Amino acid sequence: MKKIAFVYNPHAGKGKIENCFVDIVRAFSKEDCEITLMPTKRRNHCSEYIAHEGHRFDKIIIAGGDGTVNEAFNALMTLEERPILGYIPMGTTNDFAASCNIPTDPAMAAGVAVGDYVSCIDAGRFNDKYFSYVAAFGVLTDVAYDTPQENKNLFGRAAYIVEGIKRLANVRSYKMKIECNGEVIEDEFIFGMVANSNSVGGIKIKSLQVDLCDGLFEVLLFKKIQKASDLNEIIADLLNKKTDSEHYYVIKTDKVKFSSTESIAWTLDGEYGGEADATEVENIPRAIKIAVAE
């Protein structure tokens, strides 16, 4: 009999897990398994529980948003023997689930999570932390973790848009040196991300050709906007999947270093990741085993 821990955030996604809890448990009951229920009560509770108790289980199934996934990744990467991860998306944007093709319907996602089909996907290391799908800096990256939870619950994804509009009047750029693939780039950037996902903030970025288990990141770096028309050109280039735009860089790499003359705030999987003037981001190939659909 498989031993499974079900770790869930009761407040994610407008607290909707309360309305589908019975359907989730019913999906679990179709498999021969022993389930331990663990509702989280505070930030990092999921991570603490998996780090201390994860070795006891064959599988850890989590329910929550991208922040819950981030906590799970950070805990799993500390374990020598990592249990399989199952995921039931309950957040506002659920970028990680979109990249992994995990159903958004809770009962269907629970069926996938408890099932036997498994894929090994890459994890990201950001200095001494880990992330599941994106590390980013610059304009709008603080929207996800700065948006009040009550606004997320009330307005859903629109809450991010409202918060983002407030910041467009104060776009700033950062002078940075970026080292990867044996090359050095020095420029001013308003935004940058190291991604293992083509969905960020609930928006599909078609310029990124992502494989979750190829050992490579997709790096997207936006240069400083010189004039108002640049924004329209950037949008057009992205929609046309251009990778040679004069306004941004698109790079595939397994490791990238960022350095600047000032500390820059980063977000990891939509959560505040701290500030640093020197950062190394590295791909850890096929580090996490995750339950997927057939």
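When region 29-62 is filtered for residues that are touching a Gly at 6+ places or on another chain (Cβ under 9 Å) and within 21 Å of LYS289 (Cα to Cα), the ones remaining, listed by number, are GLU31, CYS46, LYS59, ILE60, ILE61, ILE62. Looking only at residues in region 46-90 that are in a loop (DSSP other than H, G, I, E, B) and touching a strand residue (DSSP E or B) at 6+ places or on another chain (Cβ under 7 Å), which one is farthest from CYS100 (Cα to Cα)? Looking at the filtered set, the residue picked out is PHE57. Beta carbons closer than 8 Å, at least 6 apart along the sequence or on distinct chains, pair a first residue in region 86-110 that is at pLDDT 90 or above with a second that is of a type in the set (Asp, Glu) for PRO106/ASP23; ALA107/ASP23; ALA110/ASP23.
Scanning region 205-243 for residues that are modelled with pLDDT of 70 or more and farther than 27 Å from ALA123 by Cα turns up LYS224, ILE225, GLN226, LYS227, SER229, ASP230, ASN232, GLU233, ILE234, ALA236, ASP237.
Beta carbons closer than 7 Å, at least 6 apart along the sequence or on distinct chains, never pair a first residue in region 166-191 that is outside the structural domain of PHE258 (by TED's automatic domain parsing) with a second that is of a type in the set (A, V, I, L, M, F, W, C) and at pLDDT 95 or above. Residue count for region 262-289, restricted to those that are aliphatic (A, V, I, L, M) and surrounded by fewer than 17 Cβ atoms within 10 Å (Cβ to Cβ): 3. The residue that is modelled with the highest pLDDT, counting only those in region 175-198 that are in contact with a Ser or Thr (Cβ under 7 Å, 6 or more places away or on another chain) and buried (at least 22 other Cβ atoms within 10 Å of the Cβ), is MET176. Answer yes or no as to whether GLU18 is surrounded by fewer than 18 Cβ atoms within 10 Å (Cβ to Cβ), modelled with pLDDT of 95 or more and not in a loop (DSSP other than H, G, I, E, B). No: the conditions fail for GLU18. Looking across region 25-45, just one residue is part of a helix (DSSP H, G or I) and at pLDDT 95 or above, and that is HIS45.
The values are calculated or read from the model by the stated rules, or taken from the named source; none is laboratory data. Since this is a predicted model, take the numbers as computed values, not measurements. All Cβ positions, even for glycine, are placed from backbone atoms using ideal geometry, and neighbour counts span all protein chains on display.
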